[in-house]
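As structure tokens, the structure follows; a few thoughts come after it.
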Amino acid sequence: MNDRSEDRINRLHAHGIVDLHFDLPMDLYEKRNRADVLRTDFLPELRAGGIGVIAAAIYIEEQYLADSALRVGLDQIARLYAEVEQGNEFAICRTHNEIVAARKAGQIALLIALEGVEPLGDDLDLLRVFYGLGVRLIGLTHARPNAAGSGGIFAPRGSSPKGLTPFGRQLVRECERLGVIVDLAHINPAGFEEVVSLTTKPLVVSHTNSRRFYDIERNLSDEQIKMIGQRRGVIGVNSVLVSPREEETTLDRYIDHIEHVAGLIGIDGVGIGFDFFEFIYAAWPEEKRQSLAAKLAPPHFIPELRNHSHAPNLTRRLIERGFSDEQIEKILFGNWMRILRELL
Ligand SMILES: [Zn+2]
């Protein structure tokens, strides 16, 4: 790559990359006895990668279920606010206008998300509370079942055949009414169909992969991808489930997922949902890592795309594979910004 190519990458990153899934709040919560974690541990990589907007997803780990889920969910949000207030580099945003204003001010915009509604329990009224705290993106489940529905399992078949619970259906309707984006990541196939039929707005999957290359029900079938395309939705391509085989977990395979989705529904349907969590995984004791591998699947990390500072590697490879500037900008930025403009 010559200097002109590096200029081209910088130009393509000028708007800032939108990454719609990052497990940031749980890490801030685990490090709550340290000060300034966001600026110390995360800011350098986010800046190096040219990241502009991040969906910071609240996730409740097993050890806090069920009694402490609400408490820990609130604490994660509280930590996020406290950390953001340490400086002027980040802004928690609730609307598209706030995101645009934050970007103009050179800040990294944070959108608060839920990955699984465990903090709500089965109390619909609490949705209002979390909305008031800034939550604007809600995935109903992770892999495990909860009061709203069931997750897709990490196998080609065998997820719960049931759709959403009555609570899950109420929640989806109320999210659409309030202006909270419903995120289809992780939901089981039956729940996916139900959300599609209950909603009318563009469909969003913050972080997932195609079953064409990793055939598990946690990922999306071609039929599901087409449904999202019909509703002018966007799919964030995940970096940790690109292949069941470690040797095929490559930057090129990541781009194969982008090409596959674009081939089915057009470039307007592809975004980024990196789901970088190697820093969390690496800090776990061996026992906990084995338990994750046994329950879900062993995660494989793409050597050249392990954290936000590696985003230019993706852009460089997209250029090498013949993507146009217009296409790259849509993938990195434009498609998610369209969704955020239409839905928030
Ligand atoms: Zn996830």
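Mind checking which pairs have a first residue in the range 48-76 that is assigned to a loop (DSSP other than H, G, I, E, B) and a second that is within 16 Å of the ligand (Cβ to nearest atom), Cβ under 6 Å, 6 or more apart or different chains?
Short answer, once both residue conditions are applied: Y59/D23; Y59/M26; Y59/E115; I60/E118.
So which of E223, E193 is of a type in the set (D, E), closer than 17 Å to T141 by Cα and modelled with pLDDT of 95 or more? Talk me through it step by step, then tell me what you get.
Numbers: E223 fails: closer than 17 Å to T141 by Cα.
Only one candidate passes the filter, namely E193.
Any residue that is outside any helix (DSSP H, G or I), within 16 Å of the ligand (Cβ to nearest atom) and either of a type in the set (K, R) or crowded, with 17+ Cβ neighbours inside 10 Å (or both) - is there at least one of those in the range 1-20?
yes
Within the range 165-194, take every residue that is of a type in the set (A, V, I, L, M, F, W, C) and more than 20 Å from the chain's Cα centre (by Cα) and give me the one that is surrounded by the most Cβ atoms within 10 Å (Cβ to Cβ).
Top of the filtered list is F167.
For the range 248-296, name all the residues that are of a type in the set (G, A, S) and either modelled with pLDDT of 95 or more or in contact with a Pro (Cβ under 9 Å, 6 or more places away or on another chain) (or both).
Listed by number, the residues that qualify are A262, G263, G266, G269, G271, G273, A293.
Which of the strands (runs of 3 or more DSSP E) found entirely inside the range 195-286 contain at least 2 residues meeting this: free of Cβ contacts under 8 Å to residues at least 40 places away in the same chain, buried (at least 24 other Cβ atoms within 10 Å of the Cβ) and within 16 Å of the ligand (Cβ to nearest atom)?
Details: elements: 204-208, 234-237, 270-272.
In the range 195-286, 234-237 are the strands (runs of 3 or more DSSP E) which contain 2 or more residues that are free of Cβ contacts under 8 Å to residues at least 40 places away in the same chain, buried (at least 24 other Cβ atoms within 10 Å of the Cβ) and within 16 Å of the ligand (Cβ to nearest atom).
This table checks each residue for (1) of a type outside the set (K, R); (2) touching a His at 6+ places or on another chain (Cβ under 8 Å).
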site: H186; (1), (2): yes, yes
site: T200; (1), (2): yes, no
site: F213; (1), (2): yes, yes
site: L220; (1), (2): yes, no
site: Q224; (1), (2): yes, no
site: R231; (1), (2): no, no
site: S239; (1), (2): yes, no
site: T249; (1), (2): yes, yes
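Looking at the range 315-335, I want the residues that are free of Cβ contacts under 8 Å to residues at least 40 places away in the same chain and have a partner that is assigned to a helix (DSSP H, G or I) and of a type in the set (A, V, I, L, M) with Cβ atoms under 8 Å, at least 6 apart or on another chain. Which pairs are those?
The qualifying pairs are F323/I331.
Only one of these conditions is not met by Q76: (1) away from the ligand (no atom under 16 Å from the Cβ); (2) touching a strand residue (DSSP E or B) at 6+ places or on another chain (Cβ under 7 Å); (3) more than 30 Å from K330 (Cα to Cα). Which number is it?
Only one criterion is unmet by Q76, namely (1).
Can you confirm whether A66 is more than 17 Å from the chain's Cα centre (by Cα) and modelled with pLDDT under 95?
On the way: more than 17 Å from the chain's Cα centre (by Cα): yes; modelled with pLDDT under 95: yes.
Judged against the criteria, A66 is a match.
So for the range 167-186 (the condition being farther than 19 Å from G269 by Cα, in contact (Cβ under 8 Å) with a residue 24 or more places away in the chain, outside any helix (DSSP H, G or I) and of a type outside the set (S, T, N, Q)), does at least one residue qualify? Quick ask: steps written out before the conclusion?
As a first pass, look at the range 167-186 and keep what is farther than 19 Å from G269 by Cα: 167-180.
Those still in the list that are in contact (Cβ under 8 Å) with a residue 24 or more places away in the chain too: 167-176, 178-180.
Subset that is outside any helix (DSSP H, G or I): 179-180.
Still in the running and of a type outside the set (S, T, N, Q): 179-180.
Within the range 167-186, one or more residues are farther than 19 Å from G269 by Cα, in contact (Cβ under 8 Å) with a residue 24 or more places away in the chain, outside any helix (DSSP H, G or I) and of a type outside the set (S, T, N, Q).
Inspect all residues belonging to the range 132-140 and state whether any of them is more than 16 Å from the ligand (Cβ to nearest atom) and in contact with a helix residue (DSSP H, G or I) (Cβ under 6 Å, 6 or more places away or on another chain).
yes
Which condition breaks for A91 when tested against (1) in contact with a Gly (Cβ under 9 Å, 6 or more places away or on another chain); (2) part of a strand (DSSP E or B)?
Failed condition: (1).
Quick check on this structure: which one of G52, G87 is surrounded by 23 or more Cβ atoms within 10 Å (Cβ to Cβ) and away from the ligand (no atom under 16 Å from the Cβ)?
G52
So is F130 farther than 29 Å from H300 by Cα and either at pLDDT 95 or above or part of a loop (DSSP other than H, G, I, E, B) (or both) or not?
yes
What are the pairs with Cβ atoms under 8 angstrom where one residue, in the range 132-145, is without any contact (Cβ under 8 Å) to a residue 24 or more places away in the chain and the other, located anywhere, is away from the ligand (no atom under 12 Å from the Cβ) and hydroxyl-bearing (S, T, Y)? Sequence gap at least six, or different chains.
If the second residue must be away from the ligand (no atom under 12 Å from the Cβ) and hydroxyl-bearing (S, T, Y), the pairs left are P145/S160.
Looking at the range 175-194, which of its residues are over 17 Å from E342 (Cα atoms) and either away from the ligand (no atom under 16 Å from the Cβ) or touching a Cys at 6+ places or on another chain (Cβ under 6 Å) (or both)?
Those that are over 17 Å from E342 (Cα atoms) and either away from the ligand (no atom under 16 Å from the Cβ) or touching a Cys at 6+ places or on another chain (Cβ under 6 Å) (or both): P189, A190, E193, E194.
The values are calculated or read from the model by the stated rules, or taken from the named source; none is laboratory data. What you see is a predicted model, and the numbers here were worked out from it, not measured in a lab. Methodologically, a virtual Cβ is constructed for each residue, glycine included, from the backbone with ideal geometry; neighbour enumeration extends over all protein chains shown.
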